[in-house]
Amino acid sequence: MRDIRDMQPSICDAIGGVEVPAVNLARIRAKMSEPKARPRTSYVWAALAAAGLAVALLVTPAGAMQGIGARFNAALRAIGVMPPPRPPAKIIRTLLALTHRVDIAQARKQVAFALVAPSGLPRGVTLQSIVIGTPASFSARTHGWALNAQYVQFNYRRAPGGEFSIMAQRYDPTRRLSAYMWEPLEDASGNPVIRSGRPVLLRHDWLHWRNGNQLMDAITSGAITAREIAAVRDAMHGVPLAAYKSKGPHPNGKFLVVKKP
Amino acid sequence: MRFTVDAALLPRARSEPAALDELIGQVWPEMYRVARGILRDRHAAEDAAQDACAAIARGLHALKDDRAFYSWMYRIAGRCAVAAARVEDVRVPVAAAVNDYDDYTIALDVRAAIAALPPVQRAAVVLHYYAGLSSGEVGEALRMPSATVRFHLMLARKALEKLLGGNEAADGRCKHA
């Protein structure tokens, strides 16, 4: 077995022998003028925040959006994650202006992809509304808010009282898909649940599939299981998409993760 | 420190755009090598090295002691590459990354072995053994205590020894000595 002291020259040779491409001064100058990235807690939290906030914005009536944002931020703080700053008023105004209820025909006219409606839904499920809109997400890299691609959200109700949504948007092959959605567990009064001194996160499965140039996704909840979502996907002849199985927003044990039954 | 830039260039680079361009040209190969050592994808490495060069250009005026330039620039390179590695590790499968190394035989083994390490260990190895930073300086770059860096280095050493155990000992010195 080799000792690291023997390896050091090899490491220097290996790294030093890397073929270096020509410097692109124009690109570096352009990066110099970009806003400086602020220190971030974790890239994973950006995904958590973006996904969580997007979901919060999507499932919430416009008037209650600010309240949800504050609650979501409090939940993020509880799990030791720095929440994103409040979106600029311009972003909020645009979000509200772009979000409205439609029927399937109107939705098909307005989106830039071939919209395929969900089928094969579980028994007892009724369509409540179709909402078209544009989610906003916060980037830890640029420390800025941005509007994302247009989506169509199908909202369903399932007796007795459960609700869930299925989302459709234009397929983007560069987009990173997450296999899980993390949700801070709250008690009846909306406070984060702490167990053994650590906040508790629930892990939901997040399934993604593709129909042509449409990306569709759904998150498991008390109203729909992963198996039922997979049945919808199969009924639509959707192509399952691989997603990254993260270990959680903080792999340092600051929280407890509980897989939601 | 193995790598050096023209000593007269640093003060000039703070005020003269042409000198700054020259400085970037001189540090670019080192920025890229460090990024490439930490990142498995060459395009991601190029992007991270450009980020590091931009950060150096932006922060140069705030650097009070030019003697600290080298450890400062390596720390920036490490930080930019590690930030990119957190994203890259999701996208690039290990097998693809290892296949991407197509240079020399020994370099292939060592770089493939380094590429197989977790990103933090990769960064610690490159910054400590290649850039010559102390564990404290590596810790500053990676935002972790020096004891944690030493722990990661210990894990990396064990993993590298295991991965390279069957090879003959390589001789030679750092090319940039």
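The values are calculated or read from the model by the stated rules, or taken from the named source; none is laboratory data. Quick caveat, the model's predicted, so the values are computed rather than measured. Virtual Cβ from ideal backbone geometry, glycine too; neighbours counted across all protein chains shown.
Overview of results
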quantity	calculated
Subset of the range B:119-145 (residues that are outside any loop (DSSP other than H, G, I, E, B) and of a type in the set (A, V, I, L, M, F, W, C))	B:120, B:123, B:124, B:125, B:126, B:127, B:138, B:141, B:142
Selection status of residue A:22, outside any helix (DSSP H, G or I), modelled with pLDDT of 80 or more and more than 8 Å from chain B (Cβ to nearest Cβ)	yes
The one condition in (1) over 23 Å from residue A:112 (Cα atoms); (2) aromatic (Phe, Trp, Tyr); (3) modelled with pLDDT of 90 or more that residue A:209 fails to fulfil	(1)
Some residue of the range B:39-47 being crowded, with 24+ Cβ neighbours inside 10 Å, more than 9 Å from chain A (Cβ to nearest Cβ), over 15 Å from residue B:9 (Cβ atoms) and at pLDDT 85 or above	no
